[in-house]
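J.: Below is the structure I would like to discuss, written out as C-alpha cells.
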Ligand code: RIB
Ligand code: CA
C-alpha cells in the first residue's frame, strides 16, 4: 500500500497518525501533508513533526500545506484541541523541520510518480486535495481511493447542518466529490458510534508504552470537554482514527454506495453533506458512505498500535 496522510493535527488526528505509524512502513507512508483546520497550518506542521519524533519515525517527510481554505475565511477549533493543537499532551519537540516543498506540489508529484496507486487518508479540511486535483486533474488516475473523515447524513457538529472538516472548506470538498476518485466517507454517522469508554482507555493504558500515556491524554482531553461530556457521558468519539484503522482492517465499517453532494453557498446549511441515503435524487453514486462500525475493533486497533509503538 502507498499512503499519504493529509491532516490538521489535532488530537484525534494524532491518534490516527499513530495507528498508521504502527501498521505501515516508511516505504508505505509516502509523506504527511498538513492543512489549516483545527489549528493554523504552522502549528499543525509542528505537531506532525512532534508525532513522528515520538514514534521515532523521522524518515517520514512532512510537507506544509494551505494556510486557508480555497475561497473562505479559515475557521479553527483551538477550543477543542488547545492552542498547541494536541491538548497540551506532552509530545516531544521535533528534531527536524518540514520539507521545503509545499504540500500541494508534493501531492501532485508523489501521486503522479508513484508506481503504485496512492491512497489518500484525509483527516482535515480538503483544501490541499482539492487544490491538487484542480491544478492537475490527471492525478486522479493514480489515486487508489480517498478515505476521509468528514460530513454526516444526520446533522453536523459545528453547525446544525455541517461537520467541521467539510464546513471549513466546502469548495475543496466539492472538487473531491466530483473527481471520480473512489471515496470512502467516515462521517459522524459512524464516528459517533465508537466511544473511548473507561474500559477501552484502561486497555490502552495497560500497554504501558510512552505512546499509551499520550493516547490516553489525547482522548481524555476530548472526553473532558463539557460539550462532549453532555453528548457522550462515557467518553469521546475519536473521529480521525476511523480513517487509518480502516486501512488496517477494512471490515471495521460497512456502508452504502450512494450520491453525496455538499452545500457551498447557503448561509443556513453551508458545508452540509447531502447524503442520498434512500437513492431518490437520481444523481450518480460517488461515495461509499459508512454507517455501521465494529467499535470494539476500532479500539483494539488503537490498543494494538499503542503496544507496537515506543
Ligand atoms: O469533526 C471532526 C473533525 O474535525 C476531525 O477531523 C477533527 O480533527 C476536526 O478536524
Ligand atoms: Ca482532523
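J.: Stokes-Einstein diffusion coefficient for segment 259-310 at 20 °C in a medium of 1.002 mPa s, Rh from the Kirkwood formula over Cα pairs: what value in µm²/s?
T.: Details: Rh = 14.2 Å.
Translational D for this selection: 151 µm²/s.
J.: Measuring from label point to label point, each 7 Å out along Cα→Cβ, what is the residue 281 to residue 100 span in nm?
T.: Between residue 281 and residue 100, the label points sit 4.4 nm apart.
J.: Considering just Cα atoms, how many Å³ per residue does the convex hull of segment 1-127 enclose? If you can, show how the numbers build up before the last one.
T.: Numbers: hull volume 11.7 nm³, N = 127.
With only Cα atoms used, segment 1-127 gives 92 Å³ per residue.
J.: Continuing with the same structure: Among 61-69, 231-239, what's the highest-first ranking by average C-beta atoms within 10 angstrom per residue?
T.: On the way: 61-69: 22.9, 231-239: 19.4.
My ranking of the peptides, most packed first, is 61-69, 231-239.
J.: Let me ask something else. What percent antiparallel are the DSSP beta bridges of the chain, to the nearest 5?
T.: On the way: 10 of 35 bridges.
Just about 30 percent of them are antiparallel.
J.: Quick one: P(r) of the chain from all Cα-Cα pairs, 20 Å bins, percents rounded to integers, in order of increasing distance.
T.: All Cα pairs considered, the percentages come to 37, 60, 3.
J.: Once the cut-off is 23 Å, how many percent of the Cα-Cα pairs in segment 185-293 end up in the long-distance tail?
T.: Details: 2508 of 5886 pairs.
Of all Cα-Cα distances in segment 185-293, 43 percent exceed 23 Å.
J.: To the nearest 0.05, how large is the calculated FRET efficiency for residue 300 and residue 205 if R₀ is 22 Å and r is the Cβ-Cβ distance? Spell out each step's value before the answer.
T.: Details: r = 14 Å, r/R0 = 0.66.
Calculated value: 0.95.
J.: Okay, moving on. Take segment 135-215, drop everything but the C-alpha atoms, weight them equally and run the Debye formula without solvent; then report log10 I(q)/I(0) at 0.12, 0.14 Å⁻¹ to two decimals.
T.: For segment 135-215 at q = 0.12, 0.14 Å⁻¹, log10 I(q)/I(0) is -0.55, -0.68.
J.: Another question about this same structure. Quickly rank 128-136, 175-183 as a protection proxy: mean count of other C-beta atoms within 10 Å, highest first.
T.: On the way: 128-136: 23.6, 175-183: 19.3.
The packing order, highest mean first, is 128-136, 175-183.
J.: How many angstrom lie between the C-alpha centres of segment 79-155 and segment 188-211?
T.: Taking the Cα centre of each part, segment 79-155 and segment 188-211 sit 24 Å apart.
J.: Could you give the distance between the Cα centres of segment 249-296 and segment 22-37, to the whole Å?
T.: Using only Cα atoms, the two centres lie 25 Å from each other.
J.: Name the shape class, rounded, prolate or oblate, that the alpha-carbon gyration tensor gives for segment 27-94, where a ≥ b ≥ c are the square roots of its eigenvalues, rounded holds for a/c under 1.5, and otherwise prolate holds if a/b is larger than b/c and oblate otherwise.
T.: Details: a/c = 3.07, a/b = 1.32, b/c = 2.33.
The shape class here is oblate.
J.: Please express the shape of segment 208-251 as an equivalent ellipsoid: the semi-axes are the square roots of 5 times the eigenvalues of the C-alpha gyration tensor, given largest first in whole angstrom. Please list the in-between numbers first.
T.: Working: eigenvalues 91, 53, 10 Å².
So the equivalent ellipsoid measures 21, 16, 7 Å along its semi-axes.
J.: Here's a follow-up. Hey, rough spin-label estimate for residue 112 and residue 71, points 7 angstrom out along Cα→Cβ, what's it come to in nanometres?
T.: 2.6
J.: Shifting gears a bit: No solvent, one uniform scatterer per C-alpha: report log10 I(q)/I(0) for segment 93-169 via the Debye equation at q = 0.18 1/Å, two decimals.
T.: -0.83
J.: Test of understanding: extend the Cα→C-beta vector of residue 197 to 7 Å, then name every residue of segment 287-310 with backbone N under 16 Å from that spot.
T.: Backbone N within reach: 293-301, 303.
J.: Percent of Cα-Cα pairs more than 15 Å apart in segment 82-125, please.
T.: That fraction is 66 percent.
Bear in mind these aren't lab numbers, they're just calculated from the coordinates by the rules spelled out. Computed from a prediction, not measured in an experiment: that's the story for all the values here. All Cβ positions, even for glycine, are placed from backbone atoms using ideal geometry, and neighbour counts span all protein chains on display.
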